[in-house]
Structure formats: structure tokens, C-alpha cells
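Student: Sending over a structure as C-alpha cells; questions will come in a sec.
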Amino acid sequence: MTEKKTIDDCWARINERGITILDNITALPHINEPQKTSGFILCINNKGTLDVDYDLRIRTVHPRQVAFIYPNHILSAHKSSPDYDSTLVALSESFIAELSGHPIYRNRLVFETASSFILTEEQYYQVHRIIDAMRVIENSGMPTWREFMVELSYSLVQLLQYFYLQTNSNFSKRPTRKNDKFRDALFKHFRTQRNVSFYAEQLCLSDKHFSAVIKNETGHSPGYWIRKRVIAEAKLLLRTNPDLNIQDISNELNFEGQASFSRFFKRETGMTPSAYRQSLTHWN
């Protein structure tokens, strides 16, 4: 019997090389052993199916399905078919920190929400042609192989964006620097700034114009993205910092008090922070 190869088996390689192609991934960590994602992973499912627990939502990954997996999420396998196999394009967290202009970051607001879609057979073939080229470059021994890998990954993500556009009209067809600046400001200031006016001011736009631009480019209002980013961080703190109490997390996220944070969290998720944390006990 062939030993199953999981992403856990590959983190040392990812961290060592910065950017790498991983073939023949046949499993992910078991649901009782959740994995907190650190680097960026582009997963292309070649065959079979996999049920994945991604931030407490079970999703089934099908053949030819592409998934964008960003840092700071909880990912674990629920079950997989015997023939499951995937290819990963993986970047370490320290490496992607150097790629602020890469489309991996420019399109994060959308891809982190609509994180997967299925390719046609022709699209799947074209994606693998770029990955084949990346694999050749990685194994070439060239001193500048990383630079070429980055360029090819840029082309790969741009191509996937184009394929995504063909089936999802909410994605911005022409990303602008305004969207880039909002993304950068949001990831920098979300802990202390939840007011749309603050981000509009960063872009030197009126609130109305700013809201219209972001809604047109991403399919959602700035307020939606602000709330989503705060909730994502709150869930991460609740999941991965058991020593922090609810008041501590409220302080981390600059809420007026624990009651204010709890109301916000329940309004966005349907449960209190304590109830959410309690729901995670099956991971222990």
C-alpha cells in the first residue's frame, strides 16, 4: 500500500525553499489534528474527492477544483476517496511577505471568500502546463530559479483570475490601485479602525465614492470586508490562543468592552465568542 502524503510532511520543504511545487498529495491532516495554515497554498485537485473542514465549514473538493488557501485558517481533512490526489503550489509565510505586489495579495479580498472553483478540462490542462514549467525551473539548479518561479506563479494566478472571471461576475474585471490601497490599509489597521470613513480618507475619496468603487470591484461593500476581517481575526484568536479570555481578545481588537465585542461577534456569526470557543472542543 502506498503511504499517504500529507501537507504536514512537506512544511520543512516549503519553509526551506520559499516557493515549491508539491506533487502526489493524497491526504490532509485528520479532523482531530487541525492544521493552522501559515504560508499560501494553491491546491489543484487532480482526481478523487476530499471533504475538508475549513474554518468550521465542511466543503467537498472535486476533480479539477482549484482552492486558494491563505494564512491563518484552520484546515483539516474529514474524509477522502481512495484515489484522491492533488498538486500544490506552496509559498512560505516569510517568502510571500516579500511579494506585496503579487496578485496573490492583490486579489486576496475576493479569493479568501470565494476560495475555490472548478476548471474546465481545457483550463485544467493550461494550468498544469504552467505548473510543469515551474517544476522544471525549480529542479534546474539555476541560481535565479526563485525569481523565475515567482514570475511563473504571477502568470499562473493571473490566468486563474481570468478563468474565475468567466464564471463569477462579482470579481473585479479591472483591479485598480484603489482596491490595492484599501486592502493594504485594511490588513494594517483592522484592529483599530472599523469605520468606513477612515479607509475612504486613506484613499482621498468621499465615503460614497469609495463605497461605490469597492462594491463595484469586489461585489461587496467596504463595511462587509472590514467586518469579515475583524471576525476572521477574532476566530483565530479564539482558536489558537486558549490562554486569552474574551476580555483579552476584546482588548486586542480595540472594542469598547467585552459586551460590545460579544454583540458584534454574535451579530456576525450567530453565536457568542464563548459559544464559538466551546464548539471547538472536538479539536482537543
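Student: Which of the residues spanning the range 168-187 are under 23 Å from Glu233 (Cα atoms) and either modelled with pLDDT of 85 or more or not in a helix (DSSP H, G or I) (or both)?
Tutor: Phe182, Ala185, Leu186
Student: For the range 227-254, enumerate the residues that are at pLDDT 85 or above, polar (S, T, N, Q) and surrounded by fewer than 19 Cβ atoms within 10 Å (Cβ to Cβ).
Tutor: Passing the criteria: Asn245, Gln247, Asn251, Asn254.
Student: If you don't mind, there's one more thing I want to ask. Quick one: in the range 38-55, of everything that is more than 23 Å from Ala12 (Cβ to Cβ) and assigned to a loop (DSSP other than H, G, I, E, B), which residue is modelled with the lowest pLDDT?
Tutor: Once the filter is applied, the top-ranked residue is Asp55.
Student: Pick out the one residue from Arg277, Arg194 that is part of a loop (DSSP other than H, G, I, E, B) and at negative phi.
Tutor: None of the other options fit; the residue is Arg194.
Student: Determine whether the range 131-152 contains at least one residue that is within 26 Å of Leu75 (Cα to Cα) and aromatic (Phe, Trp, Tyr).
Tutor: Within the range 131-152 (the criterion being within 26 Å of Leu75 (Cα to Cα) and aromatic (Phe, Trp, Tyr)), the answer is no, since none of the residues qualifies.
Student: Quick check on the range 258-272. Is at least one of its residues of a type in the set (S, T, N, Q) and within 20 Å of Tyr70 (Cβ to Cβ)?
Tutor: Within the range 258-272, one or more residues are of a type in the set (S, T, N, Q) and within 20 Å of Tyr70 (Cβ to Cβ).
Student: Sticking with this structure for a sec: Starting from the range 127-143, take each residue that is closer than 21 Å to Val157 by Cα and list its partners that are of a type in the set (Lys, Arg), counting only C-beta distances under 8 angstrom and pairs at least six apart or across chains.
Tutor: So the pair list comes out as Glu138/Arg17.
Student: Can you tell me which residues in the range 198-232 are outside any helix (DSSP H, G or I) and among the hydroxyl-bearing types (Ser, Thr, Tyr)?
Tutor: Within the range 198-232, Ser206, Ser221 meet the criteria.
Student: Right, here's the next one. Scan the range 1-26 residue by residue and report those that are at pLDDT 90 or above and among the charged types (D, E, K, R).
Tutor: The answer is Glu16, Arg17, Asp23.
Conditions tested, residue by residue: (1) modelled with pLDDT of 95 or more; (2) crowded, with 19+ Cβ neighbours inside 10 Å; (3) assigned to a helix (DSSP H, G or I).
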residue	(1), (2), (3)
Phe68	no, yes, no
Ala77	no, yes, no
Leu88	no, yes, no
Ser94	no, no, yes
Leu99	no, no, no
Val110	no, yes, yes
Thr113	no, no, no
His128	yes, no, yes
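Student: In the range 259-273, how many residues are at pLDDT below 95 and either more than 25 Å from the chain's Cα centre (by Cα) or at positive phi (or both)?
Tutor: Total meeting the criteria: 1.
Student: Tell me the residue from Leu165, Leu152 that is of a type in the set (A, V, I, L, M, F, W, C), modelled with pLDDT of 90 or more and either under 21 Å from the mean Cα position of the chain (by Cα) or assigned by TED's automatic domain parsing to the domain that holds Phe264 (or both), please.
Tutor: Step by step, each of Leu165, Leu152 is checked, and only Leu152 is of a type in the set (A, V, I, L, M, F, W, C), modelled with pLDDT of 90 or more and either under 21 Å from the mean Cα position of the chain (by Cα) or assigned by TED's automatic domain parsing to the domain that holds Phe264 (or both).
Student: On the given criteria, is Gly219 at positive phi, in contact (Cβ under 8 Å) with a residue 12 or more places away in the chain and not acidic (Asp, Glu)?
Tutor: Criteria met by Gly219.
The values are calculated or read from the model by the stated rules, or taken from the named source; none is laboratory data. All of these numbers come straight from a predicted model, not from anything done at the bench. Cβ coordinates were reconstructed from backbone atoms using ideal geometry, including for glycine residues, and neighbour counts include every protein chain displayed.
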